[in-house]
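Presented below is the structure to which this report refers.
The values are calculated or read from the model by the stated rules, or taken from the named source; none is laboratory data. Nothing here was measured: the structure is a model prediction, and the numbers come from that model. Virtual Cβ from ideal backbone geometry, glycine too; neighbours counted across all protein chains shown. SASA here: full protein model, heavy atoms, side chains in, ligands and nucleic acids out. Shrake-Rupley method; radii C 1.70, N 1.55, O 1.52, S 1.80 Å.
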Amino acid sequence: MSVESIVQSTRIVLASRPDGVPTTDNFRLEAVNLPDPADGQVLIRIIYLSLDPYMRGRMSSAESYADPVEIGEVMVGGTVGQVIDSRHPGFESGDYVLAYAGWQSHAVVDGKLLRKLAPAAAPLSTAVGVLGMPGFTAYSGLLKIGQPREGETVVVAAASGPVGSAVGQIAKLKGARAVGIAGGPEKCAYLLDELGFDAAVDHKAPDFAEQLGAAVPDGIDVYFENVGGAVAAAVLPLLKLYARVPVCGLIAQYNDSTAPEGPDRLPGFFSRVLVKSLTIRGFIQGEFVSEMYEDFLRDVSGWIKEGRFEYREDFVDGIENAPTAFIGLLQGKNFGKMLVRVAEEG
Ligand SMILES: NC(=O)c1ccc[n+]([C@@H]2O[C@H](COP(=O)([O-])OP(=O)(O)OC[C@H]3O[C@@H](n4cnc5c(N)ncnc54)[C@H](OP(=O)(O)O)[C@@H]3O)[C@@H](O)[C@H]2O)c1
């Protein structure tokens, strides 16, 4: 099929690099005409854009595990889209696909980089959430590095989000005790009432450290590190002998441009690592994809179908609202997997 008229993409580009907390001035809305797809390429309309904390790192030029977005370039991001025009033999108009197409309404993408989605198998949005990158991050980091055993205590923060909520539920399915840390009573109630966590602690409470200590009377065997900062400082003294710490994310520190004030905590940290024989291991989920992705899809989709696994999504409508939603995500304003509904599915 060929498209007669020119397709325009409405997109959000990086206008400037933030110094500290990002503002909407760091982004710019643009409209551009897209070229026709060349051989091997596919034109898609984007339905869902996933907003994820790692995007803060891409806005910065500081060294990271991936290159930054350049000024004037489209913000990167995982998307669910639908094929409008295809010059790749594996795709035809109407197919739903997972693409890394970024913050825009339409894109011409390399067919080799797409994965076809089956809308009858699972809601399309889950391909960038519970059955996508965040769900896989939880599954791989917890099982490969955390290795929770029956009866052990697993603690995770950002626990109502897509990574943390999956960590706690997988820990429970493996027979461990799950303790979630979240911001505010509503999120804590969700952990207990909907997700089946054994305890939930509000990190905004003035006596957070004491409440956390009370929630883990036997100490912590696995701390799935999502936030760093003050939460990590409260967790460290509670880690047991041979505790494992998969270091997944440090969202409390993503906006910092200078080292925190106060005493140097590094010697105390390393002495804890030594005397408690801790295993602290950073990871980026991509390292485990070839080894574990099939198992992840089978296990988590099976648990969802059996009614043993819950997930929550938080939608905002319109690509123009992506910057505000993203800034809110960094501040904990999201409640569940943050998604932009760029267009309707049908
Ligand atoms: N290593 C990897 O491959 C990989 C892959 C995906 C994600 N990650 C990381 O995993 C973590 C969770 O990601 P997600 O997508 O599931 O995010 P998310 O939970 O949907 O959103 C981030 C949450 O972090 C919490 N938060 C923000 N600032 C905080 C602070 N100062 N102290 C404590 N909590 C704070 C907020 O929840 P509250 O309201 O509960 O505070 C906020 O809702 C992030 O650090 C992310 O970078 C890593």
Within the stretch 156-179, the residues that are touching a Leu at 6+ places or on another chain (Cβ under 7 Å), within 14 Å of the ligand (Cβ to nearest atom) and either among the hydroxyl-bearing types (Ser, Thr, Tyr) or part of a helix (DSSP H, G or I) (or both) are 160, 165, 167, 168, 169, 170
Filtering the stretch 210-269 for residues that are away from the ligand (no atom under 16 Å from the Cβ) and in a strand (DSSP E or B) leaves a count of 7
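Test of understanding: among 21, 7, which residue is in contact (Cβ under 8 Å) with a residue 24 or more places away in the chain, within 16 Å of the ligand (Cβ to nearest atom), open to solvent by 10 Å² or more (accessible area, probe 1.4 Å) and β-branched (Val, Ile, Thr)? If you could, list the steps in order and put the result at the bottom.
Numbers: 7 fails: within 16 Å of the ligand (Cβ to nearest atom).
Result of the check over 21, 7: 21.
This table checks each residue for (1) crowded, with 21+ Cβ neighbours inside 10 Å; (2) not polar (S, T, N, Q).
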| position | (1), (2) |
| --- | --- |
| 28 | no, yes |
| 32 | no, yes |
| 68 | no, yes |
| 72 | no, yes |
| 77 | yes, yes |
| 82 | no, no |
| 108 | no, yes |
Taking the stretch 273-290 and keeping only residues that are free of Cβ contacts under 8 Å to residues at least 60 places away in the same chain and away from the ligand (no atom under 11 Å from the Cβ), one is left with 273, 274, 275, 276, 277, 278, 280, 290
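Is there a residue in the stretch 297-313 that is open to solvent by less than 40 Å² (accessible area, probe 1.4 Å), within 24 Å of residue 139 (Cβ to Cβ), in contact with a strand residue (DSSP E or B) (Cβ under 6 Å, 6 or more places away or on another chain) and charged (D, E, K, R)?
Of the residues in the stretch 297-313, the ones open to solvent by less than 40 Å² (accessible area, probe 1.4 Å) are 299-303, 309.
Subsequent filtering for residues that are within 24 Å of residue 139 (Cβ to Cβ) retains 299-303, 309.
Restricting the remaining residues to those that are in contact with a strand residue (DSSP E or B) (Cβ under 6 Å, 6 or more places away or on another chain) gives none.
No, the stretch 297-313 contains no residue that is open to solvent by less than 40 Å² (accessible area, probe 1.4 Å), within 24 Å of residue 139 (Cβ to Cβ), in contact with a strand residue (DSSP E or B) (Cβ under 6 Å, 6 or more places away or on another chain) and charged (D, E, K, R).
Applying the selection to the stretch 37-79, what residues are acidic (Asp, Glu), more than 24 Å from residue 161 (Cβ to Cβ) and modelled with pLDDT of 95 or more? Show your work before the answer.
Within the stretch 37-79, the subset acidic (Asp, Glu) is 39, 52, 63, 67, 70, 73.
Still in the list and also more than 24 Å from residue 161 (Cβ to Cβ): 39, 63, 67, 70, 73.
Of everything in the stretch 37-79, those that are acidic (Asp, Glu), more than 24 Å from residue 161 (Cβ to Cβ) and modelled with pLDDT of 95 or more turn out to be 39, 70, 73.
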Within the stretch 180-191, residues free of Cβ contacts under 8 Å to residues at least 40 places away in the same chain, crowded, with 19+ Cβ neighbours inside 10 Å and either more than 9 Å from the ligand (Cβ to nearest atom) or within 23 Å of residue 149 (Cα to Cα) (or both) come out as 180, 191
Within the stretch 125-155, residues near the ligand (Cβ under 9 Å from one of its atoms) and either open to solvent by 10 Å² or more (accessible area, probe 1.4 Å) or closer than 28 Å to residue 211 by Cβ (or both) come out as 133, 134, 137, 138, 141
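Would you check if there is a residue in the stretch 263-277 being of a type in the set (S, T, N, Q), open to solvent by less than 70 Å² (accessible area, probe 1.4 Å) and within 22 Å of the chain's Cα centre (by Cα)? Steps first, answer last, please.
Step one: of the stretch 263-277, the residues of a type in the set (S, T, N, Q) are 271, 277.
Checking the rest, the ones that are also open to solvent by less than 70 Å² (accessible area, probe 1.4 Å) come to 271, 277.
Next cut, within 22 Å of the chain's Cα centre (by Cα) only: none.
No - not one qualifying residue is present in the stretch 263-277.
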Expected output for the stretch 25-36 (first residue under 18 Å from residue 110 (Cα atoms), partner loosely packed, with under 13 Cβ neighbours inside 10 Å and at pLDDT 95 or above, Cβ below 6 Å, 6+ apart or cross-chain) is 33/8
Against the condition part of a loop (DSSP other than H, G, I, E, B), in contact with a Pro (Cβ under 9 Å, 6 or more places away or on another chain) and under 23 Å from residue 322 (Cβ atoms), how does residue 130 come out, does it pass? yes
Checking 13, 42, 32 in turn, the sole residue that is part of a strand (DSSP E or B) and more than 22 Å from residue 128 (Cβ to Cβ) turns out to be 32
